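The values are calculated or read from the model by the stated rules, or taken from the named source; none is laboratory data. None of these values were measured; they are calculated from a predicted model. Virtual Cβ from ideal backbone geometry, glycine too; neighbours counted across all protein chains shown. Side chains are part of the model used for accessible areas, which takes the heavy atoms of the whole protein and leaves out ligands, DNA and RNA. Shrake-Rupley method; radii C 1.70, N 1.55, O 1.52, S 1.80 Å.
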Amino acid sequence: MIFATVGTQLPFDRLLSALDMWASFHTEVPVVAQTGASTRRFRHLTCQPHLDQPGFAARMAEARVIVAHAGMGTILQAAEAGKPLILMPRRADLGEHRNDHQLATAAEMALLSNVTVVEDATGLAIALSRALQKRDTSRPVVSKTAQPQLIGAVQDFIWAKAARPVVAAQHVVGGIRA
């Protein structure tokens, strides 16, 4: 099963439409999507606008691959669950967000071995095919009790007051680039 999540604050129909198109050609693969504020209907996805925390965690645990916007909560949960993650960041120039912070987040997360970043429907289709061809070797890559230094580095990244350009690693915490 593929689990997709786009957050709950803003619609992200570009990602959901691309996934729905892929699912129309791969009907043997169930796709569950947490669709948030979208008002569109997707014929080949099992859509749930909102999930509570236990429901979200259950879908993530059940999934073979996670497809998502570049939201840090989803990225951290996928890493904790050891799931392959395909990110399609929201873009301000397409009216999907107020700024391009998700592009910066995705560029940094692309350095992780379990993360693939895509820009469009074609990239998503290729990434999904590759991810599903791999043997499922899910294992957590982040423990449920992360080191305080890692938590601090992630918080600093998320809550930075000034927008910063994507650059090589800012600093290293416990061997992990933050």
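List of remarks:
- Label-point separation in nm, R130 to T39, each point 7 Å along Cα→Cβ: 3.7 nm
- Using the 1.4 Å probe convention, the accessible area of the range 1-151 works out to 53 Å² per residue with neighbouring protein chains retained.
- Highest average packing first - 44-56, 21-33, 65-77, 100-112, Cβ atoms within 10 Å: 65-77, 100-112, 21-33, 44-56
- Remark on the range 57-108: ratio of C-alpha radius of gyration to 2.2 N^0.38 Å is 1.19.
- As a calculated quantity, the FRET efficiency between D13 and A110 at R0 = 30 Å, using C-beta atoms, amounts to about 0.80.
- Note on the range 1-110: with neighbouring protein chains present and a 1.4 Å probe, carbon and sulfur make up 53 percent of its accessible heavy-atom surface.
- Share of pairwise Cα separations in the range 39-133, more than 18 Å, in percent: 50 percent
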